[in-house]
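The values are calculated or read from the model by the stated rules, or taken from the named source; none is laboratory data. The model shown is predicted, which means the values in this text are computed figures rather than measured ones. Quick reminder, even Gly has a Cβ in these numbers, built from the backbone with ideal geometry, and neighbours come from all protein chains shown. When the accessible area is computed, the model is the full protein with side chains, heavy atoms only, and any ligands, DNA or RNA have been set aside. Shrake-Rupley method; radii C 1.70, N 1.55, O 1.52, S 1.80 Å.
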Amino acid sequence: DAGVIQSPRHEVTEMGQEVTLRCKPISGHNSLFWYRQTMMRGLELLIYFNNNVPIDDSGMPEDRFSAKMPNASFSTLKIQPSEPRDSAVYFCASTSTATFDEKLFFGSGTQLSVL
Amino acid sequence: GEDVEQSLFLSVREGDSSVINCTYTDSSSTYLYWYKQEPGAGLQLLTYIFSNMDMKQDQRLTVLLNKKDKHLSLRIADTQTGDSAIYFCAERRDNQGGKLIFGQGTELSVKP
């Protein structure tokens, strides 16, 4: 399996622009998570989906952030408008709730820089 | 508190043992995990332990769990320079839909 695939690997944008991050989970996994990593706040859970349905979005910072999962093989995290404080590494992770230990598999992340 | 806590830095000599400690918050967590992050990469699962176990050994890795104190540790025997990375512990919060909450990570530096 190719693992969790995220794109782009790096994104540099200007303040106010819309940013869309993409994720393809591992085939057969039914749970998908979006995390954000910064030096100051560490690894924060933003939102997660079970069977394409958002379960907990309490970590989404504010209305500028939105996430969708239109089908089992694709998810997006959108920031509109972006701000410099959104600069971070954004990770997508997936797992299968059918396995007893529900190990989480991470993508390589998207390094976002908002100037 | 609400946070999973780890010390931020650990430095050891090559060949020594490393012990990374973590305290978690949810006594009902069924699984606790250790992840490793190398520079510029995502998190990679190292090992995990089920909450009804006290210890789990996997080659050079030993996980110890003290449920009473909500304390988790990861011991790396014969630490190598390739073990230099950031190590995260995580608890699965079953009373919050099973989401994983991570500590802030411990940066392990292995000196030759």
For this session: For region A:11-28, state whether one or more residues are within 9 Å of another protein chain (Cβ to nearest Cβ) and surrounded by 14 or more Cβ atoms within 10 Å (Cβ to Cβ).
Result: no
Exercise. Does region A:29-43 hold any residues that are open to solvent by 30 Å² or more (accessible area, probe 1.4 Å) and either within 11 Å of chain B (Cβ to nearest Cβ) or of a type in the set (Val, Ile, Thr) (or both), and which are they?
Worked result: A:Gln37, A:Thr38, A:Met39, A:Met40, A:Arg41
Problem set entry | Residues that are open to solvent by 50 Å² or more (accessible area, probe 1.4 Å) and aliphatic (A, V, I, L, M), drawn from region B:18-45 | B:Val19
Exercise. Quick check: anything in region B:84-107 without any contact (Cβ under 8 Å) to a residue 40 or more places away in the chain, charged (D, E, K, R) and crowded, with 18+ Cβ neighbours inside 10 Å?
Worked result: yes
For this session: Give, as residue ranges, the strands (runs of 3 or more DSSP E) completely inside region B:1-103 that count at least 2 residues that are over 24 Å from A:Gly107 (Cα atoms) and either within 11 Å of chain A (Cβ to nearest Cβ) or touching a strand residue (DSSP E or B) at 6+ places or on another chain (Cβ under 7 Å) (or both).
Result: B:9-13, B:18-23, B:55-58, B:61-66, B:71-76
Problem set entry | Of all residues in region B:5-31 being farther than 18 Å from B:Thr79 by Cβ and β-branched (Val, Ile, Thr), the one that is modelled with the highest pLDDT | B:Thr23
Problem set entry | Number of positions in region A:46-89 that are in a strand (DSSP E or B), closer than 16 Å to A:His29 by Cβ and in contact (Cβ under 8 Å) with a residue 40 or more places away in the chain | 3
Exercise. Which residues, taken from region A:98-115, are within 14 Å of chain B (Cβ to nearest Cβ) and outside any strand (DSSP E or B)?
Worked result: A:Ala98, A:Thr99, A:Phe100, A:Asp101, A:Glu102, A:Lys103, A:Leu104, A:Gly107, A:Ser108, A:Gly109
Exercise. Tell me, which residue of region A:65-97 that is more than 10 Å from chain B (Cβ to nearest Cβ) and touching a His at 6+ places or on another chain (Cβ under 9 Å) is farthest from A:Gly42 (Cα to Cα)?
Worked result: A:Ala72
